[in-house]
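Student: Below are the structure tokens for one structure; questions will follow.
The values are calculated or read from the model by the stated rules, or taken from the named source; none is laboratory data. Being a predicted model, the structure only gives us computed values, none of them experimental. Neighbour counts run over all protein chains shown; Cβ positions are idealised from the backbone, glycine included.
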Amino acid sequence: MYVHQDLHEMALYPCAYSMTFNVTENKETGAPVLNAILNQRSSDVLTANNWNVVQYSVLVHMLAQVCGMEAGELVHVIADAHIYDRHVPIIKELIERPMYPAPVFHINKDIKDFYDFTVDDFELTDYKYGEQVKNIPVAI
């Protein structure tokens, strides 16, 4: 997930530090299913949590596809999930906004080598969203 000997060069140590994968079986089809557990030491819920969930979920889909498996569950374990006091009003506003159905994630099924993926191989359809929150205060 990162190169240990490069930690001294980082302004902030990576928050996500390990992934564990396991394979189960789809009880209906018998197909192998790739599941993952993401371990994270810290998560700023407003600024980073959604990004972490999305990027590692996509990674599970990518790995499952090139290994000839179905994408399964992503379990996200966070030791310290927190909301900073300066983010509370923004989060309250977000909670009060209307909810939308989840978009549909598409991945190019023709890719069989992990390193052949490009950004053009992914698409979201039916993505509905509210007004963007700007100028979120972040300290590093």
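Student: Would you be able to say whether some residue in segment 86-95 is closer than 23 Å to Pro14 by Cα and under 18 Å from the mean Cα position of the chain (by Cα)? So that I can check it myself, show each step before the final result.
Tutor: Taking segment 86-95 and keeping what is closer than 23 Å to Pro14 by Cα, we get 86-87.
So of that shortlist, the ones also under 18 Å from the mean Cα position of the chain (by Cα) come out as none.
Checking segment 86-95: not a single residue is closer than 23 Å to Pro14 by Cα and under 18 Å from the mean Cα position of the chain (by Cα).
Student: Looking at segment 2-21, which of the residues that are surrounded by 12 or more Cβ atoms within 10 Å (Cβ to Cβ) and out of contact with any Lys or Arg (no Cβ under 9 Å at 6 or more places or on another chain) is farthest from Ile111 (Cα to Cα)?
Tutor: First, the residues of segment 2-21 that are surrounded by 12 or more Cβ atoms within 10 Å (Cβ to Cβ): 14-17, 19, 21.
Keeping just the survivors that are out of contact with any Lys or Arg (no Cβ under 9 Å at 6 or more places or on another chain) gives 19, 21.
Values: Met19: 23, Phe21: 21 Å.
Within segment 2-21, the match that is farthest from Ile111 (Cα to Cα) is Met19.
Student: Name the residues in segment 94-140 that are in contact (Cβ under 8 Å) with a residue 24 or more places away in the chain and assigned to a helix (DSSP H, G or I), would you?
Tutor: Once the filter is applied, which keeps residues that are in contact (Cβ under 8 Å) with a residue 24 or more places away in the chain and assigned to a helix (DSSP H, G or I), segment 94-140 yields Leu94, Phe114.
Student: Take Glu28 and decide whether it is charged (D, E, K, R) and either farther than 27 Å from Val138 by Cβ or surrounded by 12 or more Cβ atoms within 10 Å (Cβ to Cβ) (or both). Give the derivation first.
Tutor: Numbers: charged (D, E, K, R): yes; either farther than 27 Å from Val138 by Cβ or surrounded by 12 or more Cβ atoms within 10 Å (Cβ to Cβ) (or both): yes.
Yes; evaluated as a whole, the condition is true for this residue.
Student: Are any of the residues in segment 108-116 modelled with pLDDT of 95 or more, closer than 21 Å to Asn22 by Cα and surrounded by 11 or more Cβ atoms within 10 Å (Cβ to Cβ)?
Tutor: Of segment 108-116, the ones modelled with pLDDT of 95 or more are 108-116.
Checking the rest, the ones that are also closer than 21 Å to Asn22 by Cα come to 112-114.
Add one more test, that the residue is surrounded by 11 or more Cβ atoms within 10 Å (Cβ to Cβ), and what stays is 114.
Checked against the condition, which is being modelled with pLDDT of 95 or more, closer than 21 Å to Asn22 by Cα and surrounded by 11 or more Cβ atoms within 10 Å (Cβ to Cβ), segment 108-116 yields at least one hit.
Student: Among the residues of segment 24-74, write down those that are aromatic (Phe, Trp, Tyr) and not in a helix (DSSP H, G or I). Give the derivation first.
Tutor: The initial filter retains those residues of segment 24-74 that are aromatic (Phe, Trp, Tyr), namely 51, 56.
Answer for segment 24-74, where residues must be aromatic (Phe, Trp, Tyr) and not in a helix (DSSP H, G or I): there is none.
Student: For Ser18, all conditions in the list (1) in contact (Cβ under 8 Å) with a residue 40 or more places away in the chain; (2) outside any loop (DSSP other than H, G, I, E, B) hold save one; what is the number of the exception?
Tutor: (1)
Student: Can you find a residue that is without any contact (Cβ under 8 Å) to a residue 24 or more places away in the chain and exposed (fewer than 14 other Cβ atoms within 10 Å of the Cβ) anywhere in segment 31-46?
Tutor: So in segment 31-46, the residues without any contact (Cβ under 8 Å) to a residue 24 or more places away in the chain come out as none.
Taking every residue of segment 31-46 in turn, none turns out to be without any contact (Cβ under 8 Å) to a residue 24 or more places away in the chain and exposed (fewer than 14 other Cβ atoms within 10 Å of the Cβ).
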